[in-house]
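Below is one structure, written out as structure tokens, with a few remarks after it.
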Amino acid sequence: LGAALRTLADRWKGAPLAGVVLLTDGNATDDLARLGGAELAGLPPIYPVLAGDTAGAVDLAVTEVTANDTLFEDAPTEITARVEAVGASGAALSVELRDATGLVLETRDFSPDSAEAVETFRFRVKPSATPTSPTPPLDKSLPVVASTHHTVVVRPTRAGSLQEATAANNARSVVVPRPHGKSRLLYVGGRPSWEYKFLSRSLKSDPALELVALVRLAPREPRFAFLTRKGESVNPLFRGFGTTAEDAERFDEPVLQRLGTRDAEELRAGFPRTAEELFDYQAVLLDDVEAGFFTAAQQALVERFVAERGGGLVMLGGVGSFAHGGYARTRIGDLLPVYLDRPVTSPAVTPARYGLSREGWLEAWMRLADNEEAERARLAAIPGFQVVSVARGIKPGASVLATLTPTGAGERRGDDRAELPALVVQRAGEGRVAALTVGDLWRWGLRRAPNEADDLGKFWRQFLRAVVRDVPRPITATLAPSRDDPATLAVSVRVRGRDYRPADDARLEVDAIAPDGRRTRLATTAGSESGVHEAALQTQGAGVHRVEVRAVGADGRSLGEAEVGRAMDLDADEHRSIRVDKGVLATLAAATGGEVIPVEGLAAFVDRLKDRPAPLSDLELRPLWHSPFVWLLALACLAAEWTLRRRGGQP
């Protein structure tokens, strides 16, 4: 309706249109309520006529369904549904969450306490969970979606107990957001440690995270002739392992071990030295490795990785981390959320007890249990940590999510001076940084019974997912309803190059996949922003419409892929609610100089039309030559021409 009114204003702009009679049910399915003042000012008088009487009607509707990533490992997806019940006060209703096959994953009971009740329901699910309910498949009238989609249905608990005005709005589908591919994490360790053992074990089965490690086995060491054979320049650590002189580290190079790399070339030269190499990861984890391990250029590259690329940076505690690792007044140290150049005077802090701060309790991914009592019991069972990098200075804007209380002074829980920061997070440029001051977090996972929950592994997975949650991908695509046509989806694709700058010269392949599986190649145009490409998708029929995007750089190399989907049901949108929105119609009429007319008053309105002021226009056609001013102008031009010709000596 809003698009039609805008078209009407453009078509009749400046014309003497007396008014527009608008026959409506009072429920706009587009952005009528968001029409701006300038657009309303250009409209002729609007006279809305409410057609249809919904008094006493009964209707159940799912008006809105959204899906969001919660970072909870047990239930990583939260589906929120807004349910409206009109004329069903006291009725027994059921709100069901169904998967793609039509099986019920969860059921909530709902009994409206008023004639016009609105309730919000939240479901937490695993998209890959196998439903166990024996409920039969969905009715043919309800949409069936793919495995990454869910449907929320509202219905009477007892079939046939309510006679609804329409059943078209009883179900809505939603696309569950899924990242395309795994997030790759680069772990840099200064020495072999148990921390890496527990970390890699925690992420081994994670479908969203992939760990790549660069572990230093031995630091740089000088060459002593009496320890080597004559003419040998390769570190003796590699003797007997069949390593060639080209591949083995020399005496002035640290001995590095690569783990989890995708091929033999990844990290072959050590820590990345170019943006193309480092920007392939979503986060960097530094564990007990000193600042001298990195060159000045590599530290500047890490700074760009966080500030420009939007990557995550995590530093773990240890003798080679934070101030003890020489990070004060370095580029990497300046990124961290704690001050490293302030002198710290602190009593003995070990063993230290781990706990959550006020901000930590509010941060959902910091909690591993589903209730407060179980969470407090879990925290009390964590052993005391022996390795702590003391950092009392917290930068402005940083948040302390976890604290350490030294044993002995720790009974004074209310004394802030007895607590040290354990986990501090902060935004830095486009990315996120975190300081985990504990250097022996692996103690948390020791002596765990076979049937006991792996809290340490769960913490690592939820924490690292939070670190990489907002890290941009090379290709991002969005689908949004068009402002002018509800049946058209606007496709927007943002393409970044290997340096994560806008790639305007990229070649795109954008394929639209209809609910029945038919593929259509979409033509793209340059968007209003650099690196953004746009297309329009004309949808046909209800169901989930998908778009697959593949991008190729100017050099012919692939830049990445992306996939996005959206559930469309225009019939459900049209019948979203049977309640008449009289406020919007009254605003529309008042802003344009019209009035809202009930159906029974339409005849009287027609009778009053002759008394209403209306702009009039009269078309008059007169030959231009009959005007005396035109005749005098022609005569003057003739005289001027004759004068000029005579002065020039022409006949």
*asked:* Looking only at segment 151-179, how many residues end up being of a type in the set (A, V, I, L, M, F, W, C) and open to solvent by 20 Å² or more (accessible area, probe 1.4 Å)?
replied: 6
*Can you name every residue in segment 249-273 that is among the polar types (S, T, N, Q) and either under 28 Å from the mean Cα position of the chain (by Cα) or within 19 Å of residue 464 (Cβ to Cβ) (or both)?*
261
_Inter-residue pairs, beta-carbon under 7 Å, first among the polar types (S, T, N, Q) and in segment 188-199, second assigned to a strand (DSSP E or B) and modelled with pLDDT of 90 or more, 6+ apart_ = 193/287
*Any residue in segment 612-619 that is within 30 Å of residue 54 (Cα to Cα) and among the small types (Gly, Ala, Ser)?*
no
*Within segment 425-461, track down each residue that is charged (D, E, K, R) and not in a strand (DSSP E or B).*
430, 440, 443, 447, 448, 452, 454, 455, 458, 461
*Quick one: which of 618, 581 is under 49 Å from the mean Cα position of the chain (by Cα), among the acidic types (Asp, Glu) and at pLDDT below 80?*
581
*residue 300 versus (1) over 30 Å from residue 495 (Cβ atoms); (2) of a type in the set (Gly, Ala, Ser); (3) open to solvent by less than 50 Å² (accessible area, probe 1.4 Å); (4) not in a loop (DSSP other than H, G, I, E, B): which is the lone unmet condition?*
(1)
_Total residues in segment 260-289, condition touching a helix residue (DSSP H, G or I) at 6+ places or on another chain (Cβ under 8 Å), surrounded by fewer than 19 Cβ atoms within 10 Å (Cβ to Cβ) and closer than 21 Å to residue 428 by Cα_ = 2
_What are the pairs with Cβ atoms under 7 angstrom where one residue, in segment 514-535, is in contact (Cβ under 8 Å) with a residue 24 or more places away in the chain and the other, located anywhere, is open to solvent by less than 80 Å² (accessible area, probe 1.4 Å) and assigned to a loop (DSSP other than H, G, I, E, B)? Sequence gap at least six, or different chains._
515/541; 531/503; 533/524; 533/527; 534/524; 534/527; 535/524
*Tally of residues being open to solvent by less than 100 Å² (accessible area, probe 1.4 Å) and either assigned to a helix (DSSP H, G or I) or not hydrophobic (A, V, I, L, M, F, W, C) (or both) across segment 607-640*: 17
*What do you reckon, is residue 597 open to solvent by less than 80 Å² (accessible area, probe 1.4 Å), under 20 Å from residue 44 (Cβ atoms) and under 45 Å from the mean Cα position of the chain (by Cα)?*
yes
*For residue 213, work out the one condition from (1) part of a loop (DSSP other than H, G, I, E, B); (2) open to solvent by less than 40 Å² (accessible area, probe 1.4 Å); (3) at pLDDT 90 or above it doesn't fulfil.*
(1)
*The one condition in (1) within 30 Å of residue 354 (Cβ to Cβ); (2) polar (S, T, N, Q); (3) open to solvent by 50 Å² or more (accessible area, probe 1.4 Å); (4) touching a residue at least 24 places away in the same chain (Cβ under 8 Å) that residue 478 fails to fulfil*: (1)
*Looking only at segment 508-551, count how many residues are small (Gly, Ala, Ser) and assigned to a strand (DSSP E or B).*
6
*Being open to solvent by 80 Å² or more (accessible area, probe 1.4 Å), within 30 Å of residue 516 (Cα to Cα) and in contact (Cβ under 8 Å) with a residue 40 or more places away in the chain, is that true of even one residue in segment 580-588?*
no
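Per-residue answers, yes or no, for (1) in a loop (DSSP other than H, G, I, E, B); (2) modelled with pLDDT of 80 or more:
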position	(1), (2)
151	no, yes
155	no, yes
162	yes, yes
165	yes, yes
177	yes, no
*List the number of the failed condition for residue 631; all other conditions in (1) without any contact (Cβ under 8 Å) to a residue 60 or more places away in the chain; (2) out of contact with any Phe, Trp or Tyr (no Cβ under 9 Å at 6 or more places or on another chain) hold.*
(2)
*Would you mind finding the one in 116, 96, 84 that is modelled with pLDDT under 90 and within 23 Å of residue 577 (Cα to Cα)?*
116
_Odd one out for residue 443, checked against (1) at pLDDT 90 or above; (2) farther than 13 Å from residue 351 by Cα; (3) open to solvent by 30 Å² or more (accessible area, probe 1.4 Å)_ = (2)
*Taking segment 355-381 only, how many residues are open to solvent by less than 80 Å² (accessible area, probe 1.4 Å) and within 22 Å of residue 399 (Cα to Cα)?*
14
*Scan segment 516-537 residue by residue and report those that are surrounded by 13 or more Cβ atoms within 10 Å (Cβ to Cβ) and at pLDDT 90 or above.*
522, 524, 531, 532, 533, 534, 535, 536, 537
_Residue list for segment 553-579, filter: part of a strand (DSSP E or B) and either open to solvent by less than 70 Å² (accessible area, probe 1.4 Å) or hydroxyl-bearing (Ser, Thr, Tyr) (or both)_ = 558, 559, 560, 562, 564, 565, 567, 568
*Among residues belonging to segment 180-210 that are open to solvent by 30 Å² or more (accessible area, probe 1.4 Å) and in a helix (DSSP H, G or I), point out the one that is farthest from residue 270 (Cα to Cα).*
201
*Just checking, which of 71, 60 is buried (at least 16 other Cβ atoms within 10 Å of the Cβ) and at pLDDT 85 or above?*
60
*Is it true that residue 493 is surrounded by 14 or more Cβ atoms within 10 Å (Cβ to Cβ), on the phi < 0 side of the Ramachandran plot and in contact with a Leu (Cβ under 8 Å, 6 or more places away or on another chain)?*
yes
*Counting only residues that are within 19 Å of residue 453 (Cβ to Cβ) and without any contact (Cβ under 8 Å) to a residue 12 or more places away in the chain, how many does segment 376-406 have?*
4
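The values are calculated or read from the model by the stated rules, or taken from the named source; none is laboratory data. Note that this is a predicted model, so its numbers are computed, not measured. We place every Cβ from the backbone using ideal geometry, glycine too, and count neighbours over all the protein chains shown. Note: areas computed on protein heavy atoms with side chains; ligands, DNA, RNA excluded. Shrake-Rupley method; radii C 1.70, N 1.55, O 1.52, S 1.80 Å.
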